[in-house]
Amino acid sequence: MKTAFLSLSALLLGAVVVFGQGESAKTRSGAESRFDYEELAKAPDKVRAKHNPLAGDESAVAGGKKLFEQHCAECHGAEGEGGKKAPSLVVPAVQEATPGAVFWVLTNGVVWRGMPVWSKLPEVQRWQLVSYVQTLKMANSKTILH
Amino acid sequence: MGVSRFLYIGILAGLLAVGLGAPSRLRAQESPYMVTYDHYLEEPGSLEVEYFSTVGTQRGGHDFHAAWLEFEYGAKAWWTTELYVDGQTTFGDSTVFTGFRWENRFRLLQREHFINPVLYIEYEQISEADKIVKEVEGHDVEADHAAPNAIARQGHNHELELKLLLSKNFKGWNVAVNPLATKNLLPSGAWEFGYAVGASRPLALKASAQKCNFCRENFSAGVEMYGGLGDTVSPGLHETSHYLAPAVAWNLPSGWTFRVSPGFGLNDNSHTLLMRWGVSREFSGFGETMSKLFRGRQ
């Protein structure tokens, strides 16, 4: 009886892993879809107008890069170029968004579309991530110029 | 009993081997809680394998070492599912497998709010020899664990456990409150109630520029308190046990997390000490890998 329950649970868990992720990959296949950036527009005006308290702080960008590699690169790509699971961050919609809007999306995630909430990171670390993400455009532009 | 010991050692060795062999870019940002839950779920597609130990003192019986292995998977950004396998060694007695649990956590609201609720639903099939004390409910007391394993393992519990995980982050602090209700699925089973509350904070809020194992931001510390609140037949605090437990977590950039938490009994019905520690490792992209394996590359 115990073995049967254990086997059933293992089967259910396996099914969740295989089919749950499969569906997720399917919905993410259009990673550059405009829907992926609509959340930025939903940021409340008050939050959108927020300034990055770490703007101009080079150490914040360096720390943000480290955080990006640890938490974001897996889905958004090592250079923020996007991947199967998440959209590119090197696009005008993100790079021209206000720091407050990017911070808001990072904090709240886009849960129904697969992006977890990142409010588990302290506020200052989320601003570090915003600092780094919004340098990706400059890095990309330099690459193009060269 | 020898087989159970071998199973323990085998599982632990397997966990270590897999953990050491598999690279992981994603670092878990785990809270130090052992019993309390905050509202954060596993990242979608990630598998976290966790091993936890509890060494407990026992008046009127033998001290024990209870352990559980936990497989936590992020099915969706709003849904985490976990399988637990429990066992225990009672010193001077025996080692026994005590059952399994299947836990699901569902995020109820899309965005962050002043308080963030998560619904927790767990099915347990465990014997009465189970001593992991993952939660304290109803009139659970120290004396429940004094019976020899040969007798205790005769009793079986099929339980449904519901929790409402309420949590909030504020200025680097996390505060979490988890009321719980458990129902033995036998028709005669009463609803039992309990609670867990916790507060924790990373030792540093700003991330340093360098990758480092010993940076203060990798450590978080907190305290949790948990206990029983009686049942529908006899509600209240009489004949219940309660614990206060400071807790520390160390999140390594490699994806490993270590936790330590000594839990101190707050009344005569509680174990004097529940010394807990745990190690976990997160594997990002696990779901995608499995999906490719079973469905073929698309």
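In this structure, the amide hydrogen of B:Phe283, modeled 1.01 Å from its nitrogen in the peptide plane, lies closer than 5 angstrom to those of B:Leu47, B:Glu48, B:Val49, counting only residues at least 5 positions away or on a different chain. The Cα center of segment B:129-149 and the Cα center of segment A:54-81 differ in position by 46 Å.
For B:Phe264, B:Phe286, the sequence from fewest to most other C-beta atoms within 10 Å is B:Phe264, B:Phe286.
Of the trypsin sites (Lys or Arg not before Pro) found in segment B:242-298, those that fall in a DSSP loop while having at most 10 other beta-carbon atoms within 10 Å are B:Arg297. Mind jotting down the distance between the C-alpha centroids of segment B:274-294 and segment B:194-241, whole Å? A separation of 22 Å, based on Cα centres. Legend: mean number of C-beta atoms from other chains within 10 angstrom of residue C-beta atoms, peptide A:105-118, equals 5. Helix-only arithmetic for chain B: the sum of -39500 (n - 2.57) across DSSP H runs with n ≥ 4, divided by the residue total, places the mean residue ellipticity at 222 nm at -3500 deg cm²/dmol. Remark: segment B:51-57, residue by residue, has Karplus-estimated 3J(HN,Hα) of 10, 10, 10, 10, 9, x, 7 Hz, where x stands for each Gly or Pro and the curve is 6.51 cos²θ - 1.76 cosθ + 1.60 at θ = phi - 60°. The trypsin sites (Lys or Arg not before Pro) of segment B:167-242 that meet both conditions, a loop assignment by DSSP and at most 15 other Cβ atoms within 10 Å of the site Cβ, are B:Lys171, B:Lys211. Here, segment B:2-295 has an Rg and a Dmax of 18.9, 59 Å when only alpha carbons are counted.
Which entries of B:Lys134/B:Lys206; A:Lys50/B:Lys206; A:Lys85/B:Lys134; A:Lys66/B:Lys134; A:Lys66/A:Lys137; B:Lys163/B:Lys211 show an alpha-carbon separation above 29 angstrom in the structure shown?
Distance filter (> 29 Å) returns B:Lys134/B:Lys206; A:Lys85/B:Lys134; A:Lys66/B:Lys134; B:Lys163/B:Lys211.
Can you give me the angle between helix B:286-295 and the longest principal axis of chain B, using Cα atoms only, in degrees from 0 to 90, rounded to the nearest 10? Taking Cα atoms only, the helix is inclined about 80 degrees.
Here the Karplus curve 6.51 cos²θ - 1.76 cosθ + 1.60, taken at θ = phi - 60°, turns the phi angles of segment A:118-130 into couplings of 10, 5, 5, 7, x, 3, 5, 6, 5, 5, 4, 5, 4 Hz, with x standing for Gly and Pro.
Could you tally the net charge around B:Ala143, taking each other residue with its Cβ under 12 Å from the Cβ of B:Ala143, Lys/Arg +1 and Asp/Glu -1? The answer is -4. The mean number of partner chain beta-carbon atoms within 10 angstrom of a residue's beta-carbon across peptide A:69-80 is 4. The distance linking segment A:85-139 with segment B:65-112 is 32 Å (Cα centroid to Cα centroid, whole angstrom). For the segment B:188-197, counting C-beta atoms of other chains within 10 Å of every residue's C-beta and taking the mean gives 0. Considering only B:Leu160, B:Leu41, B:Leu203, the mean-square fluctuation computed in a Gaussian network model of chain B, springs between alpha carbons under 10 angstrom, is largest for B:Leu203.
Scanning residues 5 or more positions from B:His158 or on other chains, those with amide H under 5 Å from its amide H are B:Leu185, B:Leu186, with H placed 1.01 Å from N in the peptide plane.
FYI, it's all coordinate maths here, none of it is from the lab. The shown structure was predicted, so the numbers you read here are calculated from the model rather than taken from an experiment. Backbone-built Cβ (ideal geometry, glycine too); neighbour counts: all protein chains shown.
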